[in-house]
Structures are given as structure tokens and as C-alpha cells.
Amino acid sequence: MPRVLMIGFGSVGRKLLEILTQRRESLSRWGGIPALTNLARNISIVGITTRSRGSLINQTEGVDLDRALIHFGPSNPDHSSTITSEEAIQKLDYDILVELSTTEIESKGFPATAYVENALQKGSHVVSANKGPVAFEAKRLLKLAERQNRLFLSESAVMDGSPVFALQRYALKGAQVTAIEGVLNSTTTLVIDEIVNNRRSFDEAVSIAQRIGSCKCRISLDATNA
């Protein structure tokens, strides 16, 4: 049974849990792929850590995902207010780290970069939706993953999981990709669409993006009114 540790529980983390709980059966039937079927049915989230709301830890039975979605705080039996993300990465037993913490541009991707690096060094696979480690340290982290014979996957860091990296890695092996052009940020796309097609102001467009969960709390990480 794959054992997963999640770092961060924002909109992406919540959506992942919703998929695993509400669409588990449909995932298990998707395409008839044995590996995916096994993953959807048997994945165990042994821990979810956050920066400000504490953590949920259950290495024996796995965190109750339905309960985590309803209430993350101290009344949850799995709740811990003491273990940090750094400690969880070093101390817990897991096969895959899912890194979903907040992107930190000013610190050049840290602490998320350290989370990824430490998990790979420990011998775990890493999946990240965080732009920081990819933008600032992708080459080094990919080389570390290769040395450790582990995977560092970051498809969801760009275009909301659209298969940009996989397209080049697997489908275009015979081609030489020299450049990619376009708006690769869904928030920017939404804001531009609202401004151009619906005659919204920048602030109105941003408000809409924030309301539907497309925009980060710090809008400057996605777009600026330049």
C-alpha cells in the first residue's frame, strides 16, 4: 500500500482529498490500468502537515480523509499541534511526499526546496505542485532523484497539471523543443479573460479568481496590475 505524506492543505490539497474520497471508484476503473486501480483503492495518507493549523498524523490506519475535509483542527483525533513539516519528513514512514506548500519567491523556493531534497535523500518519491523548487532548483533536484533512483514529478506546478513536461518527455522524444510560448498561468488567463471579454477592472477580475479558488492569497505570485 503506497504511504503518502502531504505537506500543505490549501485548495490543491483539499481537491486531492476530494478526488480520493468522492471519486475513488471512478479512478479505480479509469482506463483499466492495474497500477492506477491499485493506487486509487489502497493509497494511505499517513500525514498532512500545515504551517498554521497543525497536522494530522496516523501512521497505523492512515488519516481519515472524510473527517479531514470536514474538520482539520484540534477536535480531530488525528490532530497534532507539535510536529512540523520538517519533522514529519524526517520521522514518518512514507513512500511518496506530496509537496503542496505555499510558493515562496523571495526565498528562492525555500522551505519547499528543502522538503523535496530531504524526502529524496530519505529515499521517497516526490510529487510537487510548488513552482518554487521547479523554478529555482529543478536541475539539481532531478539529478538527486536520478541518483536515488526515485521520481521527482512536478507536472501540476504548471498550467494546473496539463501535461506539459510529460508531452516533451514521452510524446515528443524524437523532436527538439526549442521554445514554449503562451500564458501558462490559469489565474492570468482568467484575469485577462474577465478584463477583455467581460469589461471588468483588474481588481474585479482578481476578486473573481480568488472567489473561485483560482488565485493565490498573494496575488503578486500570479499577476500584477502593470
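The values are calculated or read from the model by the stated rules, or taken from the named source; none is laboratory data. Only a predicted model underlies this, so the values are computations on that prediction, with no experimental measurement involved. Cβ coordinates were reconstructed from backbone atoms using ideal geometry, including for glycine residues, and neighbour counts include every protein chain displayed.
Before moving on, here are some points about what is shown:
- Among (1) crowded, with 23+ Cβ neighbours inside 10 Å; (2) out of contact with any Lys or Arg (no Cβ under 9 Å at 6 or more places or on another chain); (3) of a type in the set (G, A, S), the one test that A119 misses: (2)
- Qualifying residues in segment 122-161 (those that are crowded, with 16+ Cβ neighbours inside 10 Å and among the acidic types (D, E)) - the one modelled with the lowest pLDDT: E155
- Helices (runs of 4 or more DSSP H) (entirely within segment 1-107) containing at least 2 residues that are farther than 20 Å from S154 by Cα and modelled with pLDDT of 90 or more: 65-70, 85-91
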